Amino acid sequence: MTQPTPAPTRVCPDCDGFPLVAITTGTRLADGTRATLHVACRRCHGTGTTTAPASVALGHEERV
C-alpha cells in the first residue's frame with residue numbers, strides 16, 4: 001500500500017527558508033566574543049515556510 005504524498009511546503013519569500021539569523025552588534029563581551037542578536041523572520045515567525053493564499057488553496061484563480 002502506498003503512502004500519501006504530503007503537500008509541498010512553500011518557502012517563505014522574505015527569508016528564503018532561513019528564518020532564524022544571528023546578527024553581530026559589533027560590541028565585544030568581557031570574554032572577547034561578539035554580542036549577537038537572534039532574530040526571527042517577521043512573515044513566517046521563524047518557521048521558514050508559508051501557507052498558500054486561501055484563493056489558491058480553494059482552487060480559485062485570481063482575475064485581473
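Taken together, the values in this text are just the output of simple stated rules run on the coordinates, not laboratory data. Bear in mind the structure is a predicted one, so any value in this text is a computation, not a measurement. Reconstructed Cβ throughout: ideal geometry from the backbone, glycine too, with neighbour counts over all protein chains shown.
At a glance:
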{"quantity": "Ala22-His38 pseudo-label distance in nm [points 7 Å out on the Cα-to-Cβ vector]", "calculated": "0.9 nm"}
{"quantity": "Where labels lie 7 Å past Cα in the beta-carbon direction, separation of Ala30 and Thr50 in nm", "calculated": "4.4 nm"}
{"quantity": "Cut-off under 5 Å, modelled amide H: who pairs with Thr49 long-range", "calculated": "Cys12"}
{"quantity": "Estimated distance in nm for a label pair at Asp14 and Thr2, the labels positioned 7 Å out from Cα along Cα-to-Cβ", "calculated": "3.7 nm"}
